[in-house]
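Quick notes on the structure that follows.
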Amino acid sequence: MPELPEAERARALVELRGLNRRIAAVEDSDTYVCRPHAPGEIHEALRGHHLISAMRRGKSMWFETDGGPTLYLHLGMAGRLLLDEEPHEPWDRFALQFEDGGRLALRDKRRLGRAVLDPVLDRVGPDAADITPKAFRERIGRSRAPIKARLMDQSAIAGLGNLLVDEILWRASLAPTRPANELSDDELDGLRRHVRAALRDAMRGGGAHIGKFTPHRKKGGHCPRCKAELARGTVGGRTTFWCPVDQTE
DNA sequence: ACCTATGTTGATAC
DNA sequence: GGTATCAACATAGG
């Protein structure tokens, strides 16, 4: 589930109720989620410190501390953050235990989430929710890759995943396979507006799995506009649904 | 039972 | 350099 809207909700949760609480201990024994850190390393580095800010770009989150290292978290493919709830072993892959008895947990069955200190974020592009029209045209429109692949490239624009991109391209009536550099400036501007609108709807509606199109995104599903049966294929390495009538090449 | 599917990213190969 | 492919993980479903 986690795309930009879920990451933002998680970030806001920490900002609202997770800051300025003394860290008493860190559960960091999952060497895959915490790679390349050894068990105990994050614990030693964060113990006694407090999170003082909650930042996000795309699906990446990071939390600065008072004089200690920055903690980076990523939800991966199935992770979520829980604050002050009952521990759920073995699916809590990482957690901060606060001195007040509370706990911030990364719960993730798949183990594709990450918890790392002092991240390097130079391969994370501008956030999809506030990228400028100029940056969008330049970063998206200059590649021959299919437009869908380009929108999912986190170094070009950060925050969009498979479901959200299918929703956005359907709203924009653009075929996912169209080479990005064949889009006109007007089409790129329009596409950016659809990116922002879809994100706004997803954040208000509670996540990337809802939308005008996404509920129909399944085998035998039909286009909510023209009722044609949806096409299914692989674009950018991901399962893709689109309307073969509405979404023009 | 077996095979395929799944929101993620990163390493590797062309 | 940009793009495509596969692997990493664990679980669910046909």
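Mind counting the residues in region A:137-162 that are on the phi < 0 side of the Ramachandran plot and away from DNA strand C (no atom under 15 Å from the Cβ)?
Final tally of qualifying residues: 2.
Of all the residues that make up region A:63-121, how many are surrounded by fewer than 18 Cβ atoms within 10 Å (Cβ to Cβ), within 16 Å of DNA strand B (Cβ to nearest atom) and among the acidic types (D, E)?
Final tally of qualifying residues: 1.
Just one of A:D100, A:D30 is away from DNA strand C (no atom under 16 Å from the Cβ), more than 24 Å from A:G159 (Cβ to Cβ) and touching a residue at least 24 places away in the same chain (Cβ under 8 Å); which is it?
Matching residue, one of A:D100, A:D30: A:D100.
What's the number of the condition A:R47 fails, among (1) in contact with a helix residue (DSSP H, G or I) (Cβ under 8 Å, 6 or more places away or on another chain); (2) surrounded by fewer than 22 Cβ atoms within 10 Å (Cβ to Cβ); (3) farther than 30 Å from A:L160 by Cβ?
Of the numbered conditions (1) in contact with a helix residue (DSSP H, G or I) (Cβ under 8 Å, 6 or more places away or on another chain); (2) surrounded by fewer than 22 Cβ atoms within 10 Å (Cβ to Cβ); (3) farther than 30 Å from A:L160 by Cβ, the odd one out for A:R47 is (1).
Of all the residues that make up region A:80-106, how many are among the basic types (K, R) and either within 21 Å of A:H49 (Cβ to Cβ) or not assigned by TED's automatic domain parsing to the domain that holds A:D30 (or both)?
2
Given the conditions (1) buried (at least 19 other Cβ atoms within 10 Å of the Cβ); (2) farther than 13 Å from A:D118 by Cβ, and given that A:R35 satisfies all but one, which numbered condition is not satisfied?
Result: A:R35 passes all but (1).
For every residue, the table says whether it meets (1) out of contact with any strand residue (DSSP E or B) (no Cβ under 6 Å at 6 or more places or on another chain); (2) surrounded by fewer than 23 Cβ atoms within 10 Å (Cβ to Cβ); (3) within 23 Å of A:G79 (Cβ to Cβ).
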residue: A:R193; (1), (2), (3): yes, yes, no
residue: A:A197; (1), (2), (3): yes, yes, no
residue: A:M203; (1), (2), (3): yes, yes, yes
residue: A:K227; (1), (2), (3): yes, yes, no
residue: A:R232; (1), (2), (3): no, yes, no
residue: A:R238; (1), (2), (3): yes, yes, yes
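Has region A:28-38 got any residue that is outside any strand (DSSP E or B), of a type in the set (S, T, N, Q), more than 15 Å from A:A7 (Cα to Cα) and over 23 Å from the mean Cα position of the chain (by Cα)?
Looking for residues that are outside any strand (DSSP E or B), of a type in the set (S, T, N, Q), more than 15 Å from A:A7 (Cα to Cα) and over 23 Å from the mean Cα position of the chain (by Cα), one finds at least one in region A:28-38, hence yes.
Of all strands (runs of 3 or more DSSP E) completely enclosed by region A:63-146, which ones contain at least 1 residues that are among the acidic types (D, E)?
Once the strands (runs of 3 or more DSSP E) in region A:63-146 are filtered for at least 1 residues that are among the acidic types (D, E), what remains is A:92-98.
Does region A:147-176 hold any residues that are more than 16 Å from DNA strand B (Cβ to nearest atom) and either assigned to a helix (DSSP H, G or I) or buried (at least 18 other Cβ atoms within 10 Å of the Cβ) (or both), and which are they?
Passing the criteria: A:R171, A:A172, A:L174, A:A175.
Condition check ((1) within 16 Å of DNA strand C (Cβ to nearest atom); (2) closer than 23 Å to A:T31 by Cβ; (3) in contact with a Cys (Cβ under 6 Å, 6 or more places away or on another chain)) across all residues:
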residue: A:G58; (1), (2), (3): no, no, no
residue: A:W91; (1), (2), (3): yes, yes, no
residue: A:A95; (1), (2), (3): no, yes, no
residue: A:R114; (1), (2), (3): yes, yes, no
residue: A:A128; (1), (2), (3): no, no, no
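The values are calculated or read from the model by the stated rules, or taken from the named source; none is laboratory data. Bear in mind the structure is a predicted one, so any value in this text is a computation, not a measurement. Heads up, the Cβs are rebuilt from the backbone with ideal geometry, glycines too, and the neighbour counts pull from every protein chain shown.
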